[in-house]
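Asker: Okay, here's the structure, questions in a sec.
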Amino acid sequence: MTAAWLDSPLTGVFVTLLAYRLALAGHRRGHGHPLANPVLLGVLFVLAWLLLSGSTYQQYMNGARFIQLLLGPATVALAVPLYGNLARLKKAAFPLLASIAAGGLVGMISAAGLGWWLGFDQPVLAALATRAVTTPIAMSLAGGLGGSPELAAMFVIVSGIVGAVMAPPLFKLLGWDDDMLLGVATGVSAHGIGTARLFQLSETAGAFAGLAMGLNGVFTALALPWLVRALGLG
């Protein structure tokens, strides 16, 4: 393929939209199986394109970055279904906030701690600590803390896919059927990808996942710089 075609922003947009359509088709053919998660399938399709075409990540992002800009508005739009559960939210406000703060703190410390134990360098540790928030927040935080924004995006996507695949079956195995509990746990650990998965199962669970994802993003943005300085990672 010619370099001019690979460098074109339209190529990145076309490949992303095609991967999205193919991933949705695969998800339907898999009858909603967790391993047929559209994000997982979409990532695999894009990776296949990069390998087969010889295109670089930078060439692909020439166009894909325009779609990435939609992540922010999509995250904000999750507040719409949450409004329908406002009464339930008010009753459980304090336990929710405490759970989200505790989950966010454990997520940051456990990820960075595991990376430190494995001997990762500081840029990788800073990126790894952001793995439980949405991609725009993670990339911004990682860059500001001396980490790699690209690695942060990768860690976010991988943790989101794992959470989206494992959370619903795990809750079923444990016999837990509370939509609010499922939503908060998934939103804190698997951010937007997990939230999108829950909306396919329950609007209530998806709404609380969106709330947990948003509040965890704010909490992480405030707490992570302090945590990095306290642990001497930055």
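Asker: What do you reckon, is SER202 in contact with a helix residue (DSSP H, G or I) (Cβ under 6 Å, 6 or more places away or on another chain), among the hydroxyl-bearing types (Ser, Thr, Tyr) and either open to solvent by 30 Å² or more (accessible area, probe 1.4 Å) or under 22 Å from LEU40 (Cα atoms) (or both)?
Answerer: yes
Asker: Report whether or not PRO168 is within 15 Å of LEU198 (Cα to Cα) and modelled with pLDDT under 85.
Answerer: Yes: the conditions hold for PRO168.
Asker: Next up: Out of everything in the range 171-183 that is free of Cβ contacts under 8 Å to residues at least 60 places away in the same chain and part of a helix (DSSP H, G or I), what residue ends up being most open to solvent (accessible area, probe 1.4 Å)?
Answerer: So the residue we want is LYS172.
Asker: What's the number of the condition GLY119 fails, among (1) modelled with pLDDT under 80; (2) closer than 25 Å to THR130 by Cα; (3) in a loop (DSSP other than H, G, I, E, B); (4) not aromatic (Phe, Trp, Tyr)?
Answerer: With respect to (1) modelled with pLDDT under 80; (2) closer than 25 Å to THR130 by Cα; (3) in a loop (DSSP other than H, G, I, E, B); (4) not aromatic (Phe, Trp, Tyr), GLY119 is out only on (1).
Asker: Looking only at the range 52-72, filter to residues that are part of a helix (DSSP H, G or I) and among the aliphatic types (A, V, I, L, M); which one of those is modelled with the lowest pLDDT?
Answerer: Residue satisfying both the conditions and the ranking: LEU71.
Asker: Quick one: which residue in ALA132, ALA98 is surrounded by 12 or more Cβ atoms within 10 Å (Cβ to Cβ) and under 30 Å from TRP226 (Cα atoms)?
Answerer: ALA132
Asker: Identify all residues within the range 52-65 that are surrounded by fewer than 15 Cβ atoms within 10 Å (Cβ to Cβ) and farther than 18 Å from GLU150 by Cα; write none if there are none.
Answerer: Correct list: LEU52, GLY54.
Asker: Right, next: Check off (1) in a helix (DSSP H, G or I); (2) modelled with pLDDT under 85; (3) more than 24 Å from GLY42 (Cα to Cα) for GLY146 and give me the number that stays unchecked.
Answerer: (1)
Conditions (1) under 19 Å from ILE157 (Cβ atoms); (2) under 18 Å from the mean Cα position of the chain (by Cα); (3) surrounded by 15 or more Cβ atoms within 10 Å (Cβ to Cβ); (4) not charged (D, E, K, R), marked per residue:
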site	(1), (2), (3), (4)
ALA4	no, no, no, yes
LEU17	yes, no, no, yes
GLY26	yes, no, yes, yes
GLY30	no, no, no, yes
LEU41	yes, yes, yes, yes
ALA77	no, yes, no, yes
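Asker: Yes or no: the range 155-170 includes at least one residue that is over 25 Å from LEU71 (Cα atoms), hydroxyl-bearing (Ser, Thr, Tyr) and part of a helix (DSSP H, G or I).
Answerer: No, because not a single residue in the range 155-170 is over 25 Å from LEU71 (Cα atoms), hydroxyl-bearing (Ser, Thr, Tyr) and part of a helix (DSSP H, G or I).
Asker: In the list VAL39, VAL80, VAL43, which residue meets the criterion of being more than 23 Å from LEU211 (Cα to Cα) and among the β-branched types (Val, Ile, Thr)?
Answerer: That would be VAL43, the only listed residue that is more than 23 Å from LEU211 (Cα to Cα) and among the β-branched types (Val, Ile, Thr).
Asker: Moving on. In this structure, does LEU211 turn out to be of a type in the set (A, V, I, L, M, F, W, C), within 18 Å of ALA36 (Cα to Cα) and crowded, with 21+ Cβ neighbours inside 10 Å?
Answerer: Answer is no for this residue.
Asker: I've got another one for you. If only one of THR204, THR220, THR186 is part of a helix (DSSP H, G or I), of a type in the set (S, T, N, Q) and modelled with pLDDT under 85, which one is it?
Answerer: The unique qualifying residue is THR204.
Asker: Let me ask another. Any idea how many residues of the range 138-157 are open to solvent by 50 Å² or more (accessible area, probe 1.4 Å) and within 10 Å of the chain's Cα centre (by Cα)?
Answerer: Selection size over the range 138-157: 2.
Asker: I would also like to ask the following. Return only the number of the condition from (1) within 19 Å of the chain's Cα centre (by Cα); (2) of a type in the set (Ser, Thr, Tyr); (3) over 16 Å from GLN68 (Cβ atoms) that SER8 does not satisfy.
Answerer: (1)
The values are calculated or read from the model by the stated rules, or taken from the named source; none is laboratory data. Note that the structure is predicted; figures quoted are calculated from it, not measured. Every residue, glycine as well, gets a Cβ built from its backbone with ideal geometry; the counts of neighbours run over all protein chains shown. These area figures cover heavy atoms from the full protein model, side chains too; ligands, DNA and RNA do not enter into them. Shrake-Rupley method; radii C 1.70, N 1.55, O 1.52, S 1.80 Å.
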